[in-house]
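A short worksheet on the structure shown next.
Where a number appears in this text, it was derived from the coordinates with a stated rule and is not lab data. Source: prediction; values computed, not measured. All Cβ positions, glycine included, derive from the backbone under ideal geometry; neighbour counts span all protein chains shown.
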Amino acid sequence: MMREKARELCSDKVQAFTKCCQESGFLMVVKCQQENAALKECLTTYYNDPAFYEECKIEYLKQREEFRATGIPAKQRQQKLPTSM
């Protein structure tokens, strides 16, 4: 969950790294070091942030509580649309 949220928050760096990799092909290891370093730094900043950790922890615990109450995973719960007839 933390990884997904951090990737969303660092989306500009993820896009820059992805674009560099697509343009470089096999040479991406050499050519995209700067983009990779920027992406790692951004992600690491969020991973080491105690407030971000607590936010993700609270969200996870809410999802776990809902799953235990309903038995339906969060992904399936989000996909189903309620019918009103």
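Efficiency by 1/(1 + (r/R0)^6): what FRET value for Lys5 and Met28, r their Cβ-Cβ distance, R0 = 22 Å, to the nearest 0.05? List each step's numbers first, then the result.
Details: r = 26 Å, r/R0 = 1.16.
After rounding to 0.05, the efficiency reads 0.30.
In terms of Cα to Cα distance under 18 Å, which lysines are near enough to Lys62, apart from those fewer than 8 places away along the same chain?
In chain and number order, the partners are Lys5, Lys75.
Along the positive direction of the dipole of region 2-77 (beta-carbon charges: Lys, Arg +1; Asp, Glu -1; about the Cα centre), which of Ala37, Ala69, Asn48 reaches farthest?
Ala69
Can you tell me, using C-alpha contacts under 8 Å and at least 6 residues apart, the relative contact order of the chain as a whole percent? Present the calculation step by step, with values, prior to reporting the outcome.
Working: 40 pairs, mean separation 23.8, N = 85.
Computed over the chain, the figure is 28 percent.
For Cys21 and Ile58, calculate 0.36 nm times their separation in residues minus their Cα-Cα distance, and state this gained length in nm to one decimal. Write out the running numbers ahead of the final one.
Working: separation 37, 0.36 × 37 = 13.32 nm, distance 3.50 nm.
Separation in residues times 0.36 nm, less the Cα-Cα distance, equals 9.8 nm.
Please give the length that would be gained between Glu66 and Asp49 if that part of the chain were fully extended, namely 0.36 nm times their separation in residues minus their C-alpha to C-alpha distance (nm, one decimal). Show your work: numbers first, answer last.
Values: separation 17, 0.36 × 17 = 6.12 nm, distance 2.62 nm.
My answer for the length gained is 3.5 nm.
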